[in-house]
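The values are calculated or read from the model by the stated rules, or taken from the named source; none is laboratory data. Quick caveat: nothing in here was measured; it's all calculated off a predicted structure. Positions of Cβ are generated from backbone atoms using ideal geometry, with glycine treated the same way; all protein chains shown enter the neighbour counts.
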Amino acid sequence: MEIILLERIEKLGAIGDVVTVKDGYARNFLLPNKKALRSNAANKKVFEANRAKIEADNAARRSDAEKAAEGVNGKQIVLIRQSSNAGHLYGSVAVRDVVEALHAEGITNVTKAMVVLERAIKTLGVFDVKVALHPEVAVTITVNVARSPEEAELQSQGVDVMADLFEKDESGFTEDYDPNAEPGEIAMEAEEAPAEEA
């Protein structure tokens with residue numbers, strides 16, 4: 001289906017471009033959300049007549065988004081979640097969680113549709129998340145997923161908490177090994193047995 005774009009859409013085009021998209025994408029997303037018009041002679045005339053107003057509205061929304069971007073860009077949010085010892089979350093961090101955390105920080109102009117999360121976050125760590133405040137204005141925030149505020153502080157300083165945890169475990173434990181021991185026999189018992197005979 002050929003359509004006329006009413007706003008810039010990533011990977012499609014800018015305002016006024018006539019592009020061909022799949023019918024379902026046009027019918028289910030672009031047309032109902034007033035992001036495009038069907039490309040026909042009548043709509044082309046309507047678009048050309050209103051082009052200046054559409055571009056002026058877009059410029060006003062873009063300038064508002066640029067002002068809002070100053071407060072959002074580089075923002076770091078901390079999400080405390082339970083996880084396994086390997087660092088895998090019980091559940092995941094989704095767009096809704098990011099938006100709720102931003103609202104708790106006092107940034108109320110971000111909606112779920114603005115947060116671009118390629119896939120849900122399922123591990124502990126620090127992640128960069130894109131927030132598209134306007135089709136032409138995108139900023140990056142940092143999402144710090146940790147098990148406690150202390151871990152979040154360490155992660156924000158660049159410490160890999162999971163690697164440190166495993167290093168501590170490995171350095172604190174050594175297993176006694178006796179090559180002559182029977183299978184299932186504990187090394188301590190083998191050492192005590194000759195002492196009792198003597």
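Could you pull out the residue among 108, 174 that is within 26 Å of residue 65 (Cβ to Cβ) and at pLDDT below 85? Please lay out each step first, then the result.
Working: 174 fails: within 26 Å of residue 65 (Cβ to Cβ).
Exactly one residue qualifies, and that residue is 108.
If you take the residues of segment 24-44 that are of a type outside the set (Gly, Ala, Ser) and within 15 Å of residue 10 (Cα to Cα), which of them is surrounded by the most Cβ atoms within 10 Å (Cβ to Cβ)?
If we filter segment 24-44 for residues that are of a type outside the set (Gly, Ala, Ser), which is where we start, we get 25, 27-35, 37-38, 40, 43-44.
Narrowing further to those that are within 15 Å of residue 10 (Cα to Cα): 25, 29-30, 35.
On the way: 25: 14, 29: 13, 30: 22, 35: 17.
By that ranking, first place goes to 30.
Here is a list: 167, 185, 153. Which entry is at pLDDT 85 or above and surrounded by 10 or more Cβ atoms within 10 Å (Cβ to Cβ)? Show your work before the answer.
Values: 167 fails: at pLDDT 85 or above; 185 fails: at pLDDT 85 or above.
153 is the lone residue from the list that is at pLDDT 85 or above and surrounded by 10 or more Cβ atoms within 10 Å (Cβ to Cβ).
For every residue, the table says whether it meets (1) closer than 23 Å to residue 132 by Cα; (2) within 27 Å of the chain's Cα centre (by Cα); (3) not assigned by TED's automatic domain parsing to the domain that holds residue 114; (4) not aliphatic (A, V, I, L, M).
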site	(1), (2), (3), (4)
8	yes, yes, yes, yes
20	no, no, yes, yes
23	no, no, yes, yes
28	yes, yes, yes, yes
31	yes, no, yes, no
37	yes, no, yes, no
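What pairs can you find where one residue is in segment 1-18 and within 17 Å of residue 55 (Cα to Cα), the other is aromatic (Phe, Trp, Tyr) and part of a loop (DSSP other than H, G, I, E, B), and their Cβ atoms are less than 9 Å apart, with a gap of 6+ or different chains?
none
Tell me, please, whether a residue that is modelled with pLDDT under 80 and either hydroxyl-bearing (Ser, Thr, Tyr) or not assigned by TED's automatic domain parsing to the domain that holds residue 60 (or both) can be found in segment 121-130.
The answer is no; no qualifying residue exists.
Tell me yes or no: at least one residue of segment 19-33 is in a loop (DSSP other than H, G, I, E, B), under 26 Å from residue 139 (Cβ atoms) and modelled with pLDDT of 90 or more.
Step one: of segment 19-33, the residues in a loop (DSSP other than H, G, I, E, B) are 21-22, 31-33.
The next check asks that each one be under 26 Å from residue 139 (Cβ atoms); those that pass are 33.
Next cut, modelled with pLDDT of 90 or more only: 33.
Yes, because at least one residue in segment 19-33 is in a loop (DSSP other than H, G, I, E, B), under 26 Å from residue 139 (Cβ atoms) and modelled with pLDDT of 90 or more.
Does residue 95 fit the bill of being surrounded by 13 or more Cβ atoms within 10 Å (Cβ to Cβ), closer than 30 Å to residue 153 by Cβ and free of Cβ contacts under 8 Å to residues at least 24 places away in the same chain? Quick ask: steps written out before the conclusion?
Details: surrounded by 13 or more Cβ atoms within 10 Å (Cβ to Cβ): yes; closer than 30 Å to residue 153 by Cβ: yes; free of Cβ contacts under 8 Å to residues at least 24 places away in the same chain: yes.
Yes, satisfied.
Let me confirm something: among 52, 68, which residue is without any contact (Cβ under 8 Å) to a residue 12 or more places away in the chain and among the small types (Gly, Ala, Ser)?
The unique qualifying residue is 52.
So which of 101, 68 ends up being surrounded by 17 or more Cβ atoms within 10 Å (Cβ to Cβ) and closer than 15 Å to residue 133 by Cβ?
Working: 101 fails: closer than 15 Å to residue 133 by Cβ.
Exactly one residue qualifies, and that residue is 68.
Within segment 84-103, is even one residue part of a loop (DSSP other than H, G, I, E, B) and at pLDDT below 80?
Taking segment 84-103 and keeping what is part of a loop (DSSP other than H, G, I, E, B), we get 84-87, 94.
From what is left, the residues that are at pLDDT below 80 are none.
No: segment 84-103 contains no residue that is part of a loop (DSSP other than H, G, I, E, B) and at pLDDT below 80.
Can you tell me how many residues in segment 1-18 are part of a loop (DSSP other than H, G, I, E, B) and in contact with a Gly (Cβ under 6 Å, 6 or more places away or on another chain)?
Our first condition is that a residue be part of a loop (DSSP other than H, G, I, E, B); within segment 1-18, this holds for 1, 6-8, 10-12, 14-17.
Still in the list and also in contact with a Gly (Cβ under 6 Å, 6 or more places away or on another chain): none.
The number of residues fulfilling the criteria is 0.
For residue 21, which of the numbered conditions (1) surrounded by 14 or more Cβ atoms within 10 Å (Cβ to Cβ); (2) in contact (Cβ under 8 Å) with a residue 24 or more places away in the chain; (3) in contact with a Leu (Cβ under 9 Å, 6 or more places away or on another chain) fails to hold?
The failed condition is (2).
Which condition does residue 79 not pass, out of (1) in contact (Cβ under 8 Å) with a residue 60 or more places away in the chain; (2) assigned to a helix (DSSP H, G or I), if it passes all the others?
Result: residue 79 fails condition (2) only.
Filter segment 136-150 down to the residues that are surrounded by fewer than 16 Cβ atoms within 10 Å (Cβ to Cβ) and closer than 11 Å to residue 69 by Cα and list them by number.
The one that is surrounded by fewer than 16 Cβ atoms within 10 Å (Cβ to Cβ) and closer than 11 Å to residue 69 by Cα: 140.
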